[in-house]
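A.B. asks: Can you read through this structure? Questions will come right after.
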Amino acid sequence: MPGTFTSCFLLAFDLDDLGQPVPAFEPRPVSDPLDGQREAEALSARHGGVVLWRRQGAPAIGEEGEPEVLFSAGRIGDFN
């Protein structure tokens with residue numbers, strides 16, 4: 001569809017004292033999903049959870065699609 005774009009993001013989670021996932025940092029934009037997956041896999045060894053997702057958007061009409069998870073590992077919290 002003309003005027004749409006796809007954005008890809010990466011977010012890691014650490015576990016708090018109660019074992020609940022909390023974001024380790026703000027969602028990071030990723031330019032290439034394959035590079036993002038490699039980074040997500042590396043982060044999964046150092047964090048309680050990690051998620052890589054993409055979504056389509058049409059900024060001209062203010063629409064944003066639902067997230068499509070490309071990779072997840074461990075415990076993840078809300079990232080939407």
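Taken together, the values in this text are just the output of simple stated rules run on the coordinates, not laboratory data. Remember, predicted model here, so these are calculated numbers, not experimental data. So basically every Cβ, Gly included, is an ideal-geometry build from the backbone, and we count neighbours across all protein chains shown.
A.B. asks: What do you get for the angle between helix 33-44 and the principal long axis of the chain? Use alpha-carbon atoms, 0 to 90 degrees, nearest ten.
C.D. replies: Approximately 20 degrees, to the nearest ten.
A.B. asks: Let me have the 222 nm mean residue ellipticity of the chain computed from DSSP H runs of 4+ only, each contributing -39500 (n - 2.57), with the sum over all residues rounded to the nearest 500. Show your work: numbers first, answer last.
C.D. replies: On the way: 1 runs with 12 residues, N = 80.
Calculated at 222 nm, the ellipticity per residue is -4500 deg cm²/dmol.
A.B. asks: Between the DSSP loop rule and a limit of at most 13 other Cβ atoms within 10 Å, which trypsin sites (Lys or Arg not before Pro) in the chain are left?
C.D. replies: R46
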